[in-house]
Amino acid sequence: MLEARIEQASVLKRVIEAIKDLVPDCNFDCNDTGIALQAMDNSHVALVAMLLRADGFSPYRCDRNIALGINLNSLTKVLRCAQNEDMITLKADDAPDSLNLVFENTENERISEYDIKLMDIDQEHLGIPDTEYSASITLPTAEFQRICRDLSQLSESVAIEATKEGVKFSCSGDIGNGSVTLRTHQNVDKPELSTKVDLTEPVNLTFSLKYLVNFCKASSLSQTVTLSLSNEVPLLVEYKMDNGYVRFYLAPKIDE
Amino acid sequence: SAQQGRLDGFFKVL
């Protein structure tokens with residue numbers, strides 16, 4: 001059986017909020033290493049991979065592989081019943097038809113308990129190859145969110161060009177064009193505000209802004225985000241957490 | 001304009 005207690009409901013709330021619009025129904029794969037999720041969106045353009053490592057829970061028990069097929073809108077409704085500072089305990093049997101959630105608030109001795117029905121979800125498991133990317137760009141999450149939001153007003157697509165000097169996001173649309181360049185720099189006092197580019201060769205790829213704007217719903221998970229690019233392979237957008245990550249993969253646009 | 005690619009083919013089904 002699964003029993004996993006997380007100290008702060010807000011962590012789970014933010015993770016689910018980050019992915020629910022992209023993958024409304026998905027399997028949470030639980031085993032002794034933690035709770036993982038991997039799902040493609042309906043159009044097979046984007047993939048979400050999430051991991052909450054066992055050491056992020058206390059206690060964490062899961063002695064065999066359990067797949068929890070969950071509708072994330074249903075889970076969101078139940079998680080709204082938890083306050084951010086509540087502890088959440090997740091429980092499920094070995095062959096579960098429901099997931100039990102207990103929210104505890106130690107301050108006011110309030111305990112609430114919910115069960116949500118699980119679904120059978122037939123999901124392909126995909127092997128994600130370890131990739132040596134040509135460019136990895138780490139930048140402040142809020143900066144990336146702002147760039148995506150700003151450029152999405154002009155165009156459906158953004159070209160991301162990484163050179164050793166920095167990264168340039170540019171777009172063109174019916175009303176005109178625009179670009180934002182971030183030059184590589186290090187902020188000594190606030191390292192999370194730095195922009196870093198690790199580059200083996202220059203890269204220039206085009207992506208759908210609609211998806212990137214969607215990925216930015218994960219912005220509350222981390223102060224920085226890493227974009228990893230190689231020519232002709234999917235973009236990796238990674239939000240690292242203390243005990244896990246949310247990663248998004250996005251297929252590039254191809255010139256006709 | 002550019003055409004949206006898909007992820008099929010990039011990742012192997014296990």
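Just so you know, all these numbers are worked out from the coordinates, no wet-lab data involved. All figures in this text were calculated on a predicted structure; none of them were measured in a lab. Here Cβ is always computed from backbone atoms with ideal geometry, including for glycine, and neighbour counts include all displayed protein chains.
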Across segment A:70-102, the tally of residues that are surrounded by fewer than 16 Cβ atoms within 10 Å (Cβ to Cβ) and assigned to a strand (DSSP E or B) stands at 1
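Please work out if A:L199 is within 13 Å of chain B (Cβ to nearest Cβ) and not β-branched (V, I, T).
Numbers: within 13 Å of chain B (Cβ to nearest Cβ): no; not β-branched (V, I, T): yes.
In short, no.
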If we keep only residues of segment A:227-253 that are free of Cβ contacts under 8 Å to residues at least 60 places away in the same chain and among the acidic types (D, E), then the residue nearest to A:D41 (Cα to Cα) is A:E238
Counting only residues that are closer than 25 Å to A:L250 by Cα and within 14 Å of chain B (Cβ to nearest Cβ), segment A:19-66 contains a total of 17
Going through segment A:144-171 in order, the residues found to be surrounded by fewer than 16 Cβ atoms within 10 Å (Cβ to Cβ) and in a helix (DSSP H, G or I) are A:R146, A:R149, A:D150
